[in-house]
Amino acid sequence: MRSALVAILLGLSLQAQAFNCPPSSPGLQDIKAFGYYTDAANSVRDDAKFKETHALTKPFEDFASQVSKLSDLYLEKDEPEAAACTITWLERWAKDRAMLGQMVRVNNDQSEYVRTWTNASAAISWNKVREQASAEQRQVIDAWLKEVSWATLGYWSAHPKSKRNNHYYWTGVGVMATAVATTDADLLKEARHIYETGLGEIQDDGELPMEMQRGIRALHYHNFAAMPLVMIAEMARKTGQDWFALREGRLDRLVARVVTGLREPAWFEHAAGVGPQVIPAQADLCWIPLYRARREQDGSFEGISVSGGLFQRDLGGTLSLMMAHGVFDPR
């Protein structure tokens, strides 16, 4: 009897130690970052400047990585403690009014872009765990994400002449994720406007003129523009709408162009007038399995190999997990 009791207590002890929630970092209100490209096309990176600005933005990248990984763990392992930990991190940043201070401008608007990407990570992670939060936690985190989303939109309102390029589409990711999590109709309307603006930029051959100006990174930035647009369309499914089909499936043209470029970068080298092209990292191709699940076209992805289970911090974690667990399935 005594040995059985010891075994039970030991099992409970090991179970209790199975998950250890790391303490949340404080939520910083101000962001300071700067651009690190050296040429007019913003294609040649100054590695020293990149490391310097990365050091400034590391707290935001670390936060985004933590909430994305913790919420992934909740989905993968059905670990309620991981959901609670994710919520703790989000609640801390919400109460600290993170990212609602000064966006310090040095030589470009990189600080705004960092807020955009961090907002996307936080809001998508919130979609994964929100059902596990208390009513009070939902109130606090919902309000914060809405305020951050409106702040990201406010940047574009204050800069009407700024290019509505990939950065604009990335703004839409955080706005859309917040909209579907909180059922905010106004934010949903803003997200759709951003999405349709992106579709409107797609040429008949799938080219995005603003991204084609990025020199040796033209292919990279076409892919970087496809990522948020595909994610916004995926999240729209939660509202019962098919945004993949909007404008007669205009997004398909961009996807086809990116896939062709991945297979034959020479097309982009000719179109951009410079090469060799920078090839997107595997993690940045995480959207392809998602898109294929929604809009598969026979043979269109032949020769394209994408590893499964790709983690992408700026899209809130691992898309294959989100798909498997129906995070953005219709309500």
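Here is the link list: LYS128/LYS238; LYS32/LYS69; LYS49/LYS163; LYS69/LYS238; LYS95/LYS238; LYS77/LYS128. Which ones come out longer than 19 Å on Cα distance? From the list (LYS128/LYS238; LYS32/LYS69; LYS49/LYS163; LYS69/LYS238; LYS95/LYS238; LYS77/LYS128), the Cα-Cα distance tops 19 Å for LYS32/LYS69; LYS49/LYS163; LYS69/LYS238; LYS95/LYS238.
In whole angstrom, how far apart do the alpha carbon centroids of the range 272-319 and the range 207-262 sit? What the calculation gives is 11 Å, centre to centre.
The chymotrypsin sites (Phe, Trp or Tyr not before Pro) of the range 82-132 include none that DSSP puts in a loop with a beta carbon having at most 14 other beta carbons within 10 Å.
By the rule of a second cysteine Cβ within less than 4.7 angstrom, the chain holds isolated cysteines at CYS286. Compared with the dominant Cα axis of the chain, that is its longest principal axis, helix 185-201 is turned about 30°. For the chain, the longest principal axis of the C-alpha atoms and the axis of helix 110-129 are separated by about 50°.
The long axis of helix 80-95 is offset from the longest Cα principal axis of the chain by roughly 70 degrees.
Highest-first packing order for the peptide set 310-323, 47-60 is 310-323, 47-60, based on the mean count of other beta carbon atoms within 10 Å. Counting other Cβ atoms within 10 Å as a rough exposure proxy, the listed residues HIS270, HIS325 run HIS270, HIS325 from fewest neighbours to most.
Read the figures in this text as sums done on the coordinates, not as results from a lab. For clarity, every value in this text was computed on a predicted model and none was experimentally measured. Counting neighbours? That spans all protein chains shown, and the Cβs are built from the backbone with ideal geometry, glycine included.
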